[in-house]
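The values are calculated or read from the model by the stated rules, or taken from the named source; none is laboratory data. Just so we're clear, the structure is a prediction, and the values are computed from it rather than from any experiment. Note: ideal-geometry Cβ built from the backbone for every residue, glycine included; neighbour counts use all protein chains shown.
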Amino acid sequence: MNHCHLVAPALMVAAAFALQPALPYAHAQDKRPGVSAELTSKIDTKSAKVGDTVTAQTTEKTKLKDGTEVPRGAKLIGVITDVTTVKDGNGMSMLGLKFQQVVIKRDPPIAIHGGLVAVAPPADASGDLPTSSTTVRAQGLQTQGNYGHNDDAESGIPAGSTVDGVAISTTIGSDGTTELQGNHTEIKLDRGSRLRVALL
């Protein structure tokens, strides 16, 4: 057997992976700052466009890496970086987003790199969170798992995604970009959706 025909493709694949930019993985032991928040805007891959603004409000206080205190009620401002509808994605929708600024009261915006590590539907009228999780699985995506913060006791929501049919990436770009993927469904995040944002 001529093994050259097998080795050459393998080397090409290895080279292709080597050229891919490395994305930092948010481990469970990661001590980077993070904050819980609620969406104040709606997101729907059927109508969203790249460049659309995403806003959220913090539901707890935290500190940035430089020691700046971020109070509860601060505004997070982000942007949609990529969007694919179910139709365009042959049954799979995709949404990329990142948080770029935090606004504390009337102070000038502070630049941040904020990556989404958990998302859940809004609480029901009793204040309880839905606990069922979608079974969507994709390479590099998870519906639940502990990455980017110290479990759900800290943020009030499970790590990963509990939005029906939606999975969240286990990696965060160096600029905070996070990917969500919908399995035969558009990604729809209503106002009040619960978030956990890692501050890189």
Checklist outcome for this item: For A159, the lone unmet condition from (1) modelled with pLDDT of 90 or more; (2) surrounded by 15 or more Cβ atoms within 10 Å (Cβ to Cβ) is (1)
Next on the checklist: Pull out all pairs, ordered by first then second residue, where Cβ-Cβ is under 6 Å, the residues are six or more apart or on different chains, the first lies in the stretch 174-189 and is on the phi > 0 side of the Ramachandran plot, and the second is not hydrophobic (A, V, I, L, M, F, W, C).
Outcome noted: G176/K98; G176/H113; G176/G114; G176/G115; H184/G91
Checklist entry - What number goes with the only condition from (1) aliphatic (A, V, I, L, M); (2) modelled with pLDDT of 95 or more; (3) out of contact with any Gly (no Cβ under 8 Å at 6 or more places or on another chain) that A8 does not pass? => result (2)
Next on the checklist: Condition first: over 15 Å from A56 (Cβ atoms) and under 20 Å from the mean Cα position of the chain (by Cα). Now tell me which residues in the stretch 69-109 satisfy that.
Outcome noted: T81, D82, V83, T84, T85, V86, G89, M92, S93, M94, G96
Item to check | Which listed residue is among the hydroxyl-bearing types (S, T, Y) and surrounded by 20 or more Cβ atoms within 10 Å (Cβ to Cβ), from T45, T59 | outcome: T45
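S126: at pLDDT below 85, within 16 Å of L39 (Cα to Cα) and out of contact with any helix residue (DSSP H, G or I) (no Cβ under 8 Å at 6 or more places or on another chain), yes or no? It would help to see each step written out before you state the result.
Numbers: at pLDDT below 85: yes; within 16 Å of L39 (Cα to Cα): no; out of contact with any helix residue (DSSP H, G or I) (no Cβ under 8 Å at 6 or more places or on another chain): yes.
Taking the combined requirement at face value, the residue does not satisfy it.
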Next on the checklist: Quick check on the stretch 162-175: of everything there that is surrounded by fewer than 22 Cβ atoms within 10 Å (Cβ to Cβ) and touching a strand residue (DSSP E or B) at 6+ places or on another chain (Cβ under 9 Å), which residue is farthest from G114 (Cα to Cα)?
Outcome noted: G165
Item to check | Pairs where the first residue, in the stretch 37-48, is touching a residue at least 40 places away in the same chain (Cβ under 8 Å) and closer than 18 Å to G192 by Cβ and the second is surrounded by fewer than 15 Cβ atoms within 10 Å (Cβ to Cβ) and hydroxyl-bearing (S, T, Y), C-beta under 8 Å, 6+ apart | outcome: S41/T53
Checklist entry - Does at least one position in the stretch 181-189 carry a residue that is modelled with pLDDT under 95 and of a type in the set (A, V, I, L, M, F, W, C)? => result no
Checklist entry - Does the stretch 52-100 hold any residues that are more than 23 Å from V163 (Cα to Cα), assigned to a loop (DSSP other than H, G, I, E, B) and either modelled with pLDDT of 95 or more or not acidic (D, E) (or both), and which are they? => result K61, L64, K65, G67, T68, P71, R72, G73, A74
